[in-house]
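Okay, so here's the structure we're looking at.
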Amino acid sequence: MLGRLVDELLEVVDSSYPWGDLLSLFRCADWKGCNLECVFTDQTEFYELPPKVFRFKSAVKNIEVLKDAGIRVVSLANNHVLDFGKKALCEMLDYLDAAGILHSGAGVNLEESRLPAIDQIQRLKIGFLAFTDNEPSWEASEEAGIHYVPVQLDDPRAQTLFELVKETKTKVDFLIVSAHWGPNWGFEVPTEHIDFAHKLIEEGADVVFGHSPHVFRAIEIFHHSLILYSCGDFIDDYMVDPYFRNDWSFVFLLILEGKKLVSLRLFPVVIANFKAQKARGIEAEEIIERMISLCRPFGTKIYWEKGKPYCWVKL
């Protein structure tokens, strides 16, 4: 989330600032994707804005923040991409295209909002397909909007999503489905998310990339595929809850051998001063221990050797 106070700070600091000390880690990875929880716009006058408490926008120049980290694709299916109206969204789509950053989850109409982003790294073709169950009134139609899908297995829009997952998987080697779902708080994974994620895997997803909650949640291995029920916050200006610790999260690093996902490395991070940075010492241990505890009910084994800067999951 690069808006509000982060946007103000980016007027006086370098565009790489929000990534803290993580850029060297990012540069070790061949491919990067994230959820973009704001809209890039330089508009100053807005009309017919939806009623909202919080609206997040960032200057168009701040697309450089994404480029600095080598972000290749962003999810736009969320509850802030239309904060400043349809015109701002449509212009951002053009800005992202011009910057060479792929996107999925919002578009100028329903058909475009449902399109997966397809990328290729070396010999690996990666699909990225985004949806959200937030903001039903923003659902794309003949006009711009988001790829809205209720997390209900029998909903017609869910059935269309499952067919789209199946179809997209025939075109790519590795498929990530981005799910912006559920309420902001709570560590427990809703039952409907479990059922829905399992169905996404059964239809062809290799990874379900969950977000929207301000906290990270459990990881599950299902049919040799990976479900990240919530990755939590990463860059933002939000007030920190002392119990939920919404300033804690991870860099989730997928390790593939050929086209096969073999492990996941989790590097604990903490948000401070509007930037994400490596967690260290006792704080890093507490973040990892929380993930170990959350994963236990799902039977997911988190491997960790004290002193290592990450823990990991084997598939």
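The values are calculated or read from the model by the stated rules, or taken from the named source; none is laboratory data. Predicted model only: the values in this text are computed from it and were never measured. Cβ atoms come from the backbone with ideal geometry, glycine included; neighbour counts cover every protein chain shown. Ligands, DNA and RNA are stripped out before the accessible areas are found, and what is left, the full protein with its side chains, is counted by its heavy atoms. Shrake-Rupley method; radii C 1.70, N 1.55, O 1.52, S 1.80 Å.
Taking Lys and Arg as +1 and Asp and Glu as -1, the other residues whose beta-carbon sits under 11 Å from that of D133 total -3.
Here the accessible area is traced with a 1.4 Å probe on the protein chains. For the chain, carbon and sulfur cover 51 percent of it. Among (i) -0.28, -1.15; (ii) -0.24, -1.09; (iii) -0.35, -1.07, which one is log10 I(q)/I(0) by the Debye sum over Cα atoms at q = 0.07, 0.14 Å⁻¹ computed from these coordinates? Working out log10 I(q)/I(0) by the Debye sum over Cα atoms at q = 0.07, 0.14 Å⁻¹ from the coordinates points to (ii). Once the 1.4 Å probe is applied to the protein heavy atoms, the stretch 64-109 comes out at 31 Å² accessible per residue.
Annotation: aspartates and glutamates with alpha-carbon distance below 13 angstrom to K87 (same-chain offsets under eight excluded): D42, E45, E48, E143.
Residues within the reach of a label modelled at K259 (point 7 angstrom out along Cα to beta-carbon, backbone nitrogen below 18 Å), restricted to the stretch 162-204, are 165-177, 201-204. Highest GNM mean-square fluctuation among H223, H180, H211, for the chain modelled with Cα contacts below 10 Å: H223.
Calculated accessible area for the stretch 208-255 comes out at 33 Å² per residue, all protein chains present (probe 1.4 Å; ligands, DNA, RNA ignored). For the residues L66, L22, L124, a GNM of the chain with alpha-carbon springs under 10 Å puts the largest fluctuation on L124.
Model label points for L5 and Y238, set 7 angstrom from Cα along the Cα-to-Cβ axis, are 1.4 nm apart. Of all the options F209, F234, F222, the one that moves most in a Gaussian network model of the chain with Cα springs shorter than 10 angstrom is F222. Sorting D7, D21 by accessible area puts them as D21, D7; the probe is 1.4 Å, largest comes first, and only protein heavy atoms count.
The figure for E202 is an accessible area of roughly 110 square angstrom, using a 1.4 Å probe on the protein chains alone.
Accessible surface comparison of H224, H147, probe 1.4 Å, protein chains only, largest first: the order is H224, H147. Per-residue surface analysis assigns Y95 an accessible area of about 70 Å², computed on protein heavy atoms at 1.4 Å probe radius. For the residues E112, E203, a 1.4 Å probe over the protein chains yields an accessible-area ranking, largest first, of E112, E203.
Assuming a ≥ b ≥ c are the square roots of the Cα gyration tensor eigenvalues, decide whether the stretch 24-170 counts as rounded (a/c under 1.5), prolate (otherwise, with a/b larger than b/c) or oblate. Since a/c reaches 1.5 but b/c is at least a/b, the shape of the stretch 24-170 is classed as oblate.
Between E285 and A29, what's the calculated FRET efficiency when r is the beta-carbon distance and R0 is 30 Å? Round to 0.05. It comes to 0.80.
Annotation: S293 carries an accessible surface of approximately 60 Å², with a 1.4 Å probe and no ligand, DNA or RNA atoms counted.
For the stretch 7-59, the solvent-accessible area with a 1.4 angstrom probe is 56 square angstrom per residue. The shape of the stretch 129-242 comes out oblate: with a ≥ b ≥ c from the C-alpha gyration tensor, a/c is at least 1.5 while a/b does not beat b/c.
DSSP beta bridges confined to the chain are antiparallel in about 55 percent of cases.
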